[in-house]
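Data first, discussion second: the structure below is written as structure tokens.
The values are calculated or read from the model by the stated rules, or taken from the named source; none is laboratory data. Since we're looking at a predicted model, the values are computed, not measured. Cβ sites come from the backbone with ideal geometry, for glycine too, and all protein chains shown count toward neighbours. Only protein heavy atoms, including side chains, enter the accessible area calculation; ligands, DNA and RNA are left aside. Shrake-Rupley method; radii C 1.70, N 1.55, O 1.52, S 1.80 Å.
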Amino acid sequence: MEQLSLFDDRKQTAPLASRLRPRTLEEFVGQKHLVGRGKILRQLIEKDQISSMIFWGPPGVGKTTLARIIAGQTRADFIDFSAVTSGIKEIKEVMAKAETSRKMGIRTVLFVDEIHRFNKAQQDAFLPYVEKGSIILIGATTENPSFEINSALLSRCKVFVLRALEEEDVEQLLCHALESPTGFGGQRIGISHEQLKAIARFSNGDARTALNTLEMAVLNGEISASQITVTDEVIAQCTSRRSLLYDKNGEEHYNLISALHKSMRNSDPDAAVYWLCRMLQGGEDPLYIARRLVRFASEDVGMADSQALPLAISVYQACHFNGMPECDVNLTHAVVYLSMAPKSNALYVACEEAKRDVKESPAEPVPLQIRNAPTSLMKELHYGEGYQYAHDTQEKVTAMQCLPDALADREYYRPTGEGREKQVKEKLDKIKSWKAQMRESL
């Protein structure tokens, strides 16, 4: 019997993900909220009534595939455009052709993959043609359109959000790959359900990653006279390093730092450590995280535990000394400490309210009694007159007004009863009460 070989069929040389790309909505897996029966995007595609739209979602969830399905069903001219290889010159050439087609009553659908890679000038070049209907623009992006696409262009497009595939969807794709004639259907592949689940879990909702991993596992399987057997060892090697979706300058960066910050604020150390590790594994600069922890120590802990700030600064220095991967434990130390520390945002509130008054109210003059008077002229103008030196008093505090008259009754710092700030609150209440009595006696 002739031994099996993966390379007998010349047609099998294209990547598995490319060979199995769905050509119809019936073959499409996932995104049921968009292309399920009766859903708006499915109806637009089936009726060939599409308008300009943006497909936004993580890699490998079907953005380009949906565009290809539209290309197969529309009666309009379909032009495939890449933001990676095209400039303004190419855009203008395509637009001129589309305008000519429009005058002849022919619609043009322009698909732009990775549209977020176009700069503002390149995106602006599309705008007039979208406005007058010369083209129907379909853009695909992994980045938040709110950040990466011009507001004028975005306002003329319907945004469809594509989600990462569920594990069940990915398993369905993998089974299809094993059965389809364009996949491994012509060969006997020995692979267990648990191994398929491991690949699906590793793919993190990315169909392309799942199919590429399956293909790698099969190519490295043990070939015998009867079948190709995928071993657990091969699966372990193929799934040894998950590529986490993380763009240090994009939306996921802000999503994860927000998750870390809010988990600490909610005193949830388990969630906080998880989000910390997600950021570090994604390649985030540990010093960026450390700087955010320094901010958190004052913004969300503050006077409730004043040791939080020096600890956070010490961890920042430790990250400088150690670098990755050793500093991950230092950061975990700070994250857990801050998560478990008593919380107070009184400093943050005081700062924000004072900034608002500075911004919105007139620039109030400094009260004369707290001005310095280094010259005789200043003394003649009453600079420093009425100043009370707190150290000269038994109480080490005076009833002197330090705020401008227009803001004399303002209270910015209002301590809470959390942690050590409870003691600060009790002291401040006594000081304010004493000052009020002193002013009433005058």
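Find the relative contact order for region 158-279 and round it to a whole percent, using C-alpha pairs within less than 8 Å whose residues are 6+ positions apart.
Numbers: 117 pairs, mean separation 23.7, N = 122.
In percent, rounded to a whole number, it is 19.
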#### Entry: Distant-in-sequence amide H partners of Leu137 (H built 1.01 Å from N, under 5 Å)
Ser52, Met53, Leu110
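Multiply the residue gap between Arg410 and Lys39 by 0.36 nm, knock off their C-alpha separation, and tell me the result in nm, one decimal place.
Details: separation 371, 0.36 × 371 = 133.56 nm, distance 5.55 nm.
Difference between extended and current length: 128.0 nm.
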### Query
For Val170, what charge total do you get from the other residues with a beta carbon under 12 Å from its beta carbon, if Lys and Arg give +1 and Asp and Glu give -1?
-3
### Total formal charge among the other residues, if their Cβ is under 13 angstrom from that of Gln423, Lys/Arg +1 and Asp/Glu -1
0
### Message
If you average the C-alpha positions of region 383-442 and of region 55-79 separately, how far apart do those two centres end up, in angstrom?
### Response
67 Å
### Task
Run the numbers on region 23-96 and let me know its relative contact order in percent, using alpha-carbon pairs under 8 Å that are six or more apart.
28 percent
### Task
When a/c is below 1.5 the answer is rounded, else prolate if a/b is larger than b/c, else oblate, so apply that to region 389-442 with a ≥ b ≥ c taken from the square roots of the Cα gyration tensor eigenvalues.
oblate
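Leaving out ligands, DNA and RNA, what percent of the accessible area of the chain is carbon and sulfur, probe 1.4 Å?
On the way: 12700 of 24910 Å².
Ligands and nucleic acids excluded, carbon and sulfur give 51 percent.
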### Message
Can you classify region 43-109 as rounded, prolate or oblate using the Cα gyration tensor, where a ≥ b ≥ c are the square roots of its eigenvalues, rounded means a/c under 1.5, and otherwise it's prolate if a/b beats b/c and oblate if not?
### Response
oblate
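State, as an integer percentage, the relative contact order of region 45-181 based on alpha-carbon contacts under 8 Å between residues 6 or more apart.
37 percent.
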### Summary
Sequence order, region 273-286: Karplus ³J(HN,Hα) from phi using 6.51 cos²θ - 1.76 cosθ + 1.60, θ = phi - 60°, Hz rounded, Gly and Pro as x, gives 5, 4, 5, 4, 5, 4, 5, 5, 5, x, x, 5, 5, x
### Message
I need the Debye-formula profile for region 109-228: one equal scatterer per C-alpha, no solvent, reported as log10 I(q)/I(0) at q = 0.13, 0.14, 0.16 1/Å, two decimals.
### Response
-0.68, -0.72, -0.79
### Summary
Share (percent) of C-alpha pair distances in the chain greater than 41 Å works out to 46 percent
### region 40-54 versus region 301-340: alpha-carbon centroid distance in Å
51 Å
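With every protein chain present, what is the per residue accessible area of region 78-233 (1.4 Å probe, Å²)?
Working: 7620 Å² over 156 residues.
Per-residue accessible area for region 78-233 comes out at 49 Å².
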